[in-house]
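So the structure is just underneath, and the comments pick up after that.
The values are calculated or read from the model by the stated rules, or taken from the named source; none is laboratory data. Keep in mind that what you see is a predicted model, and the values were worked out from it rather than measured. Using ideal geometry, Cβ is built from the backbone for each residue, glycine included, and neighbour counts are taken over all protein chains shown. To get the accessible areas, we keep the full protein, side chains included, count just its heavy atoms, and leave off ligands, DNA and RNA. Shrake-Rupley method; radii C 1.70, N 1.55, O 1.52, S 1.80 Å.
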Amino acid sequence: MINNFPNLFKPIKLGGVLFRNRIFSAPTGLYNYIPLGTPTPDFIAYFERKAKGGAASVNIGECYVDDEGIPRSRGFIMLDDHETARLGLGKLADGITRHGAIATVELNKRGMVGTPNKDGHIIGPSERELNALEWNDNVGTSHAMSEEQILASVEAFVSAAEFAKSCGYGMAMVHAGHGWLLHQFLSPTINKRTDRWGGNPENRARIVVMICDEIHKRCGAGYPVEVRMSAAEEGWEGGYGIEEGVEIAKQLDGHADLIHVSVGNIFVPASMGVTHPGIFSDEGRNVKYAAEIRKHVKTPVATIGALSDPYVLEEIIATGKADIVEMARGLICDPDLPIKAREGREKEQYRCMRCFYCVGVNYAYGHLVCALNPESGREWEQDSALPPGKKQKVLIAGGGIAGMQTAITASQLGHEVVLCEKTGKLGGPIMCEKDVPFKKRLSEYVDRQIYMLAKTGVEIRLNTEVTPEYAALLNPDAIVAAVGSRPFIPPIPGAEAKNVVSAEEAFSDPGCVGSAAVILGAGLTGAELGLYLNSLGKKVQLIEMRDDIYAEHSAGTYKAALRDAGVAVHFNTKALEITETGVRCEQAGNEAGGEAGGGDTFYECDTVILAAGRLPLHETVEALSDCAPRFYYIGDCRTPRIIAAATGEAWTTARHIGRY
């Protein structure tokens, strides 16, 4: 049954605790799910779902050991406030453990990236001048912690672990990476102390080692302690590399029960893409650091960073690069990844695209939703759902992202579903990107959806356009219009010329683009197309009327990728005319990179590519609106948006068909 992944599903013992496999759910924070300092039902359902899916350990994320450096406010679990925190922590631990996983808590303290303490001071290992870019929003001077403050911090970590254990948590993770207080002590760049807490690796690691040892004394020698560290690419100027990371890990060896090897620093913007590898990074980018550390320690080692392919996970364990694989976004995208891999159902798996939508929405709005998996972040809604409604005959017009998801969900709920697509293939316009290397996961996602359509028994009719007459022949109980949108052609002189192509045409056939191209529009489509064409050796420039890339919650990732690739983006720039040799533009502000703009500018090129947005097919929607007793329209035919909007609307719509 599990011949494909024999190493991945081999149990492992940490301390005195046996974990059922090598797949651990890494910490994720859900800030609006803790409004009063205790987990809500949404929060509990989110983590319980990962235990149901087969992860061996489920870490509930960021919990603070005390309030020094952070105000008591909504959005955080404070482990020194036992009366408040215990209200939900016990129920959360029960929800995880009764499904066979080990509930784990992440213990954290802010240090220099925190708010002033009761004395009005920001504190850390050493006195240091702060600046807002490097230290979150902090400016001024951090004060070196006294011996008493250091020992009090050790006690806070240990007491927090004791409290978590009393609430049912079977392992504690001590967070000593990503720029937080303990990482600050480990870093020779930040820690300039000359006493027993600074200097050589042994002294700098002393606080972490002491915390591990004291937790074992107070919670029992068999109570496992996981230490999360940044092994390299530290983020700070002059930060350490893997050689220093190995020396730090050697100090933890035999004190921690698991060394969790991450990299980077979440308080340095340029480091975010290192800690959380994005769409332009290879899967397992950071595994090499865990593999190197594992050569030098006897303690089991975990790796993390943009992992989701079970075959890659198996290879990591089988070749000895790590003992455990940890995933955050991979299990956000599909919490059932362990079960599906174990049962040989890999074709049903959602594989994370690393699009950052989940991270961006969480930071922006305090809740977490996956672009591909519409159930992710809605676990409480799923668990509390009413029984399926009365069986209906459902006609779905459009076989793109929204149409496919509607069909799958409706069929799973017992409805008779007919899915019609007017072209000869499913997937919609987005399939023009199927050959783009960094969009491989999107193509895999469409393949997964097509597989699920067949498995759930949806009747698919290709080359079939749903018209009022066609709908009348089928006589459905409900029609779902998911007919999509069409490219917007801006009213610019020359927009219909022979040297002008659409973004879809350029993606599908890059050969139609000359050696030099100007793309009108720097949204997701324009940015990705620019990077793709640049990788093919073409000179590309982007023209954007706004002052930033419009990429939902991923603008920083795309700006960095364009900058690194040398693709010029001209913001605050309006195209006035397209000619045979280029585009005449009016600049209203500054260029990307701070160059002064203003006045008319001409950008020479062979090909002009339109990526200025899309228009919803409202006319088709209106024509179908009275062709069935129930009518819904979803996805881009409402308003062109990103995948997450389409999948979310599709799942929600399908779950309500026949119910009200």
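Observations on the structure shown:
- Residue match in the range 486-500 (condition: closer than 22 Å to Met431 by Cα and either in contact with a helix residue (DSSP H, G or I) (Cβ under 6 Å, 6 or more places away or on another chain) or free of Cβ contacts under 8 Å to residues at least 40 places away in the same chain (or both)): no
- Residue in the range 314-323 that is surrounded by 19 or more Cβ atoms within 10 Å (Cβ to Cβ), of a type in the set (Asp, Glu) and under 15 Å from the mean Cα position of the chain (by Cα) present: no
- In this entry, Lys422 is excluded by the filter for residues that are among the basic types (Lys, Arg), closer than 17 Å to Ala503 by Cα and either open to solvent by 20 Å² or more (accessible area, probe 1.4 Å) or touching a residue at least 40 places away in the same chain (Cβ under 8 Å) (or both).
- Total residues in the range 614-660 satisfying the condition of being in a strand (DSSP E or B) and either among the small types (Gly, Ala, Ser) or open to solvent by less than 40 Å² (accessible area, probe 1.4 Å) (or both): the figure is 1.
- Where strands (runs of 3 or more DSSP E) sit wholly within the range 134-236, those with at least 1 residues that are touching a residue at least 12 places away in the same chain (Cβ under 8 Å) and more than 29 Å from the chain's Cα centre (by Cα) occupy 140-144.
- Qualifying residue in the range 164-182 (condition: farther than 20 Å from Val65 by Cβ and open to solvent by 10 Å² or more (accessible area, probe 1.4 Å)): no
- Neighbours by Cβ (under 7 Å, 6+ apart or cross-chain): first from the range 33-56, among the charged types (D, E, K, R); second open to solvent by 10 Å² or more (accessible area, probe 1.4 Å) and not in a loop (DSSP other than H, G, I, E, B): Asp42/Tyr33; Asp42/Trp380; Arg49/Glu379
- Counting the residues of the range 273-304 that are open to solvent by less than 40 Å² (accessible area, probe 1.4 Å) and in a helix (DSSP H, G or I) gives 8.
- Residue ID - most open to solvent (accessible area, probe 1.4 Å), chosen from residues in the range 196-246 that are among the hydroxyl-bearing types (Ser, Thr, Tyr) and touching a Ser or Thr at 6+ places or on another chain (Cβ under 8 Å): Tyr240
- Every pair of residues 6+ apart whose Cβ atoms lie under 6 Å, when the first sits in the range 243-262 and is of a type in the set (Val, Ile, Thr) while the second is open to solvent by 40 Å² or more (accessible area, probe 1.4 Å): Val246/His296
- Verdict on Val268 being crowded, with 19+ Cβ neighbours inside 10 Å, under 22 Å from Val113 (Cα atoms) and at pLDDT below 95: yes
- Pair list, Cβ < 7 Å and 6+ apart or interchain, from the range 368-388 residues that are open to solvent by less than 70 Å² (accessible area, probe 1.4 Å) to residues that are part of a loop (DSSP other than H, G, I, E, B) and small (Gly, Ala, Ser): Leu368/Gly377; Val369/Ser376; Val369/Gly377; Cys370/Ser376; Cys370/Gly377
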